[in-house]
Amino acid sequence: MDAQTLLAEDGTGRAHVPRRSMKETIADKLATLIASGVLSVGDELPAERDLASVMGVSRETIRGALLILSTRGILTVVQGARTTVASIDVGEMALSGMLYRDVMTYGLDEVHEARLLIEARIARLAAAQIETSALDRLSDLIAAQEAAGADPVRFLISDREFHTVVYRACGNGVLSDVATTLYAYLLDHRRRVIARPGAIQTSISDHRAIHDALARRDADAVAAAFAVHERRIYETTRQIMPKAGTAARPTNGGGKTP
C-alpha cells in the first residue's frame, strides 16, 4: 500500500465513498490535530515542505489543504509568513469528531487499559501482513520525527501518522477506527509531555523498536514494543494530570465518570 493509498483513506482505515480529494483528506487531518489540542490558536504550522514530507504528498496538495482551512477561517495564511491557527472551531471537519468527543469523557486508566488490549491485537495482525511500502513509510516518518528537533507540534504531526500507518496495516477497519480514536485522547496534555527535554528522543526510540519488530515479522516483539510505548505515554500523561484516573475534562458539555 503506497502513501497515496494510505492518505486516501479517512485516517481510520475506511475509504470514503465518493472518494475525497487528497487536499480535502489532508485538510481533515489538520483539522483533527486542531480539534484534539495538538494545535492551538496562534500556533504556527510547520513549513509546507515539512508538512508535505510528513504527509507523503506534494507541496501543491498541502497548499490546497491550507487554502480550504483558511477559507473557513480556521487558518491564517499570509504570503512570506508561517501559516497560523486562527480558530479551533473546525465544525464537522475533524475525522471521527463525534467519537473523539465521546472518548474524552472517559478516565485515563480506562483508556490506557483499552489501548493496551487493542494495540496488542493490532500489533500481532500488522506483524503478519504489513507491506514493504508501509514499512518504508514508517522509516520516513521516523526520519521526519528526528528532523523535528525539539518542536512538539512537528513531532506530534508525524507521530500521529506513524501510529495510523501501523493501525491500518492490521487489516481490520474496526480495530483501526477504535485505535485512532483512542490515540487522540488527551493530545493537548501529550503536547506538554513531549515538550519535556528528552521526551521526543525517547518516543523515537520506541518507534524504532516497533518498526524493527514489524520488519522482522515478530508478532511478540511488536506487541511488547507497543506495550512499552503505551505504558510510557500513560505514565508521563498521568504525571501532569491533577487527578490521575479521573475523567478528562469533557469537550461536549457533559461526561461520564469511571
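The values are calculated or read from the model by the stated rules, or taken from the named source; none is laboratory data. Keep in mind that this is a model prediction, so the values were computed, not measured. Here the Cβ positions follow ideal geometry from the backbone for every residue, glycine too, while neighbour counts run over all protein chains shown.
Conditions (1) at positive phi; (2) in a loop (DSSP other than H, G, I, E, B); (3) surrounded by 15 or more Cβ atoms within 10 Å (Cβ to Cβ), marked per residue:
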| position | (1), (2), (3) |
| --- | --- |
| S139 | no, no, no |
| I142 | no, no, yes |
| L214 | no, no, yes |
| R217 | yes, yes, no |
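For every residue, the table says whether it meets (1) at pLDDT 95 or above; (2) more than 12 Å from the chain's Cα centre (by Cα); (3) surrounded by 23 or more Cβ atoms within 10 Å (Cβ to Cβ); (4) of a type outside the set (V, I, T).
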| position | (1), (2), (3), (4) |
| --- | --- |
| Q129 | yes, yes, no, yes |
| A134 | yes, yes, no, yes |
| D151 | no, yes, no, yes |
| V166 | yes, no, yes, no |
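Is it fair to say E113 is touching an Asp or Glu at 6+ places or on another chain (Cβ under 8 Å), under 24 Å from M241 (Cβ atoms) and either surrounded by fewer than 16 Cβ atoms within 10 Å (Cβ to Cβ) or modelled with pLDDT of 95 or more (or both)? Step through it out loud before you land on a result.
Numbers: touching an Asp or Glu at 6+ places or on another chain (Cβ under 8 Å): no; under 24 Å from M241 (Cβ atoms): yes; either surrounded by fewer than 16 Cβ atoms within 10 Å (Cβ to Cβ) or modelled with pLDDT of 95 or more (or both): yes.
No; evaluated as a whole, the condition is false for this residue.
What about R216, is it within 21 Å of A120 (Cα to Cα) and basic (K, R)?
yes
Report, by residue number, each residue of the range 35-82 that is closer than 17 Å to F155 by Cα, surrounded by 14 or more Cβ atoms within 10 Å (Cβ to Cβ) and hydroxyl-bearing (S, T, Y).
S36, S53
Counting only residues that are more than 15 Å from A144 (Cα to Cα) and either in contact with a strand residue (DSSP E or B) (Cβ under 6 Å, 6 or more places away or on another chain) or not in a helix (DSSP H, G or I) (or both), how many does the range 46-65 have?
Selection size over the range 46-65: 1.
Taking the criterion of being within 24 Å of R49 (Cα to Cα) and either not small (G, A, S) or not in a loop (DSSP other than H, G, I, E, B) (or both), would at least one residue in the range 190-197 satisfy it?
yes
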